[in-house]
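Each value in this text was obtained by applying a stated rule to the coordinates, not by laboratory testing. Predicted model only: the values in this text are computed from it and were never measured. Cβ: placed from backbone, ideal geometry, glycine included. Neighbour counts: every protein chain shown.
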Amino acid sequence: MADTADTPDTTDGTDTADGTDTRVTARVEIRVDRDSCVGSGACALFEPEFFDQSEDDGLVVQRVREAGPEALPALRTAASRCPARAIVLVPSDGQGSAGWDPSD
């Protein structure tokens, strides 16, 4: 009999062998509120693949509108470091908060 102590439990659909949480939506929509942005640049500093700063006004420039679940940790970091909370992550299906709670 094989030792299963180190094998993730995949019976409830929450984990796969690679550690991916399958409850998280396949894609996440990234919404940025430029009116709320204060131009701190934290998003661009931490996640330049997804965000930049305008040279004109210093406000956020969104580079990507949607990303896969592999990007969720990076996007959570950027969103949580935004002092204005101008970044919101939404499942592409429009339901819930893509596994991100602003209080995290």
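Model label points for S92 and D35, set 7 angstrom from Cα along the Cα-to-Cβ axis, are 2.8 nm apart.
Ordering D56, D93 from the fewest to the most neighbouring beta carbons within 10 Å gives D56, D93. Only one residue of V61, A84, C37 has its Cα farthest out toward the positive end of the dipole of segment 28-91, where Lys and Arg carry +1 and Asp and Glu -1 on Cβ, and that residue is A84.
The Kirkwood hydrodynamic radius of segment 28-91, based on inverse pair distances between different Cα atoms, is 11.3 Å. Taking label positions 7 Å along the Cα-Cβ direction at both T77 and S54, the computed distance is 2.7 nm, reported to one decimal.
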